[in-house]
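Q: Below is a structure I'd like to ask you about.
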Amino acid sequence: MSLYDEIGKAKAAASFAVAGAFGETVSFSHRGAAGVTLKAKVGAERIASVEEGGILTQTRVRTFEVPVQDNFAVTTDDTEPVCPGDTLTWDSKVYSVMRDGIGKAKGDRVYFLQCVQRKRLASGVR
Amino acid sequence: MAAGTKQETITADRVNVLVSAVAGIGASRVQQGYKRWTDAQNFESLVQALTDETQGYFSFWIRRATRQESLQEKQPTFQIVGELVVAVDKDNSSDLNSAWDFALGVAETLIDSTNYTGEQALPMECPFSLYEVRVVEDRGIAIFDFGAYGNGGLTFFN
């Protein structure tokens, strides 16, 4: 169940206090800027190993739900709060936002981010 | 690391030396053969720490070798494949000319037959391509495919 489902749009709009009660502390960096501290609900992680050519890489995909809050506030939906390559750090792990399209969902005040952490396991394996 | 004793492995050792001498790569950023990354190493983070488009990591390995009956007329070949990975600034536009110049310089070093002597094989061709500019990372990385991902690679005459 998503944060939006749990608390509803009105409470999500109240954002920061609610996020503080429900969420984990993460650090978010937009377009290489200095990281800002946010509250987010951390979703489950999906781990897969993929091989491209002779390169064996582990990918960890995790979802984060980020209500609009201080340092992450946007005045209109047209403003870009996230983009591919923005980084989100949680539990000493650095995740990267995967794509634009999934940036806004579950209502207009909560951002549903699909993030990935890629790590090479080995190269030259075939 | 054992030095090669066959023409293929001797030549691979030479490729290592040649690429290690390329400005922007150096011995510490060349990987030959199988590489098992440790838990503490994050390759893409290492690439992102480099200067955009003019520094990179090069990894390579022997993919294909040939042994044939000596009376056959066809010239036997073997192939070394790999990849060159350079950092790019994902937040600014780039014509990638610097990255291409860097990659072309690596290929020109590898294909120069005067760089190979003695038991080392002579290079035949070195097609490569820009496989991907990956923007899911903090700064972005460009991957030049020297045959690791598809067609291409460094072909040598035995």
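Q: Just the residues that are within 14 Å of another protein chain (Cβ to nearest Cβ), more than 23 Å from B:Leu122 (Cα to Cα) and out of contact with any Phe, Trp or Tyr (no Cβ under 6 Å at 6 or more places or on another chain), please, taken from region B:11-36.
A: B:Tyr34, B:Lys35, B:Arg36
Q: Another question, if that's okay. Would you check which residues across region A:34-55 are closer than 13 Å to B:Tyr149 by Cβ and not in a loop (DSSP other than H, G, I, E, B) and list them?
A: A:Val50, A:Glu51, A:Glu52, A:Ile55, listed by residue number.
Q: Among the residues of region A:22-36 satisfying the criterion of being more than 12 Å from the chain's Cα centre (by Cα) and surrounded by 17 or more Cβ atoms within 10 Å (Cβ to Cβ), which is farthest from A:Glu65 (Cα to Cα)?
A: My answer is A:Phe22.
Q: Looking at region B:110-158, which of its residues are among the small types (Gly, Ala, Ser), assigned to a loop (DSSP other than H, G, I, E, B) and facing chain A (nearest Cβ under 9 Å)? Steps first, answer last, please.
A: Of the residues in region B:110-158, the ones among the small types (Gly, Ala, Ser) are B:113, B:118, B:121, B:129, B:140, B:142, B:147-148, B:150, B:152-153.
Those still in the list that are assigned to a loop (DSSP other than H, G, I, E, B) too: B:118, B:121, B:140, B:148, B:150, B:152-153.
Listed by number, the residues that qualify are B:Gly140, B:Ala148, B:Gly150.
Q: Just one of (1) in contact (Cβ under 8 Å) with a residue 24 or more places away in the chain; (2) surrounded by fewer than 18 Cβ atoms within 10 Å (Cβ to Cβ); (3) more than 22 Å from B:Thr117 (Cβ to Cβ) trips up B:Val86, so point out which.
A: The number of the failed condition is (2).
Readers should treat all values here as calculations from the given coordinates under stated rules, not as data from a laboratory. If you're wondering where the values come from, they're calculated on a predicted model, not measured in any experiment. Please note: Cβ atoms are built from the backbone with ideal geometry, for glycine as well, and neighbour counts cover all protein chains shown.
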